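The values are calculated or read from the model by the stated rules, or taken from the named source; none is laboratory data. Given the structure is predicted, the values throughout are model-derived calculations rather than measurements. Here the Cβ positions follow ideal geometry from the backbone for every residue, glycine too, while neighbour counts run over all protein chains shown. Side chains included, ligands, DNA and RNA excluded: accessible areas come from the protein's heavy atoms. Shrake-Rupley method; radii C 1.70, N 1.55, O 1.52, S 1.80 Å.
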Amino acid sequence: MKRIVKKYFIAHKDNDHKPHILHGKAIAVMIGIVLLLFFYAIIQHAIVTGTNFAAVISSVLVDLANGDRESNSIRTLTINPVLAEAAQLKANDMVLKNYFAHTSPDGITPWHWFREAGYDFLYAGENLAVNFSDSIDVERAWMNSPLHRENILGKNFSEIGIATAQGLYKGRPTTFVVQFFGSPLPKEIIEAKKEIKKEEAKSIAIAEEQKTNVLGSSASEELFDIVESSETFAAVDLNGEPLSDVMNTVKENMPSPPAGGYASFFDTITTAPKRIVYAVYGIIALLVAFALSSYFVIEIKRRHMRHIAYGAGTLMFITLLFFFSRIFIYAKVFVQ
């Protein structure tokens with residue numbers, strides 16, 4: 001191993017003061033790898049904008065959220081299809097009405113979409129992101145924001161649903177990400193709500209027959225009041241019932257996610273190209289820089305300027321692609 005390192009990365013008399021990594025063929029191979037990764041990043045970015053990739057993105061983001069919860073000794077979340085449907089409704093609404101916010105321009109709050117999908121919640125939360133290109137970047141952006149971190153690490157949540165939609169943000173095609181958290185109401189409370197609605201329907205029918213106006217809020221609205229404790233959090237408070245007691249019942253029935261998570265290793269790698277590309281760029285740049293540095297310890301007459309030019313040119317090329325991808329491919333993630 002020591003001999004290989006010396007042969008390929010250090011200028012000395014046994015390799016005629018020409019580190020093999022700076023030879024023309026080696027430089028060509030490295031340039032080829034760098035270009036291949038660059039075009040991979042472009043292709044991956046195009047694939048992400050396809051609707052067939054939405055399920056992969058969602059499963060990876062769920063695993064990343066659960067990873068952060070496990071790191072903080074908090075029970076992991078399971079995917080609820082109804083919650084994912086609610087998130088999709090919100091994502092589609094943002095694209096249709098061209099906004100990026102918790103409340104729509106016409107005043108619709110996130111909790112509307114929970115009800116629209118038929119998800120009766122005890123606790124609910126919402127995280128939003130835009131400019132998706134790397135799943136890890138999205139998760140880090142959420143975790144670096146106190147309110148979004150509060151949702152991801154929320155101990156009262158048991159389920160999660162994530163959806164994406166393609167649209168325009170500030171005139172640029174992008175991916176919107178909606179992350180919904182929830183804890184469902186216990187079945188007995190849901191059944192009680194159904195009975196209340198039946199009684200309401202009967203009362204309305206009787207009132208219509210008697211041609212009497214029915215005024216005031218419904219009983220179900222009186223029983224279940226939404227209380228927003230922050231921009232991204234809501235709780236359903238039950239009249240007269242200790243919320244902690246109801247939550248204990250919910251926690252007892254919390255399911256566990258599948259062993260190994262929802263996403264495969266391939267899915268995780270595919271949705272995090274930025275880390276792969278930058279890691280390989282960095283490794284190649286370090287190896288070339290190390291080989292070039294060995295020229296500083298030998299006499300000037302033994303330095304091979306052609307190989308030095310090869311190495312310097314490779315470093316400049318990698319740097320150019322790095323900044324190009326950073327500006328034009330990997331847009332900064334914004335969260336709400």
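For region 58-106, the convex hull spanned by the alpha carbon atoms encloses 98 Å³ per residue. Taking label positions 7 Å along the Cα-Cβ direction at both ILE269 and ARG75, the computed distance is 3.5 nm, reported to one decimal. Calculation over all alpha carbon pairs of region 22-169 in 10 angstrom steps from 0 returns a P(r) of 10, 35, 31, 13, 7, 3, 1 percent.
Mean projection of the Cα convex hull over all viewing directions, computed for region 97-196: 7.5 nm². By the gyration tensor of its Cα atoms, with a ≥ b ≥ c the square roots of the eigenvalues, what is the shape of region 67-147: rounded for a/c under 1.5, prolate for a/b over b/c, or oblate? Because a/c hits 1.5 or more and a/b fails to exceed b/c, region 67-147 counts as oblate. Solvent-accessible surface of region 69-141, averaged per residue with a 1.4 angstrom probe and all protein chains in place: 37 square angstrom. Under 5 Å from the amide H of ILE79 lie the amide H atoms of ILE160, each residue being 5 or more positions distant or on a separate chain, with H modelled from the backbone and absent for Pro and chain starts. Pairs from the list LYS18/LYS274; LYS25/LYS274; LYS90/LYS170 with a Cα-Cα gap above 22 Å: LYS18/LYS274; LYS25/LYS274.
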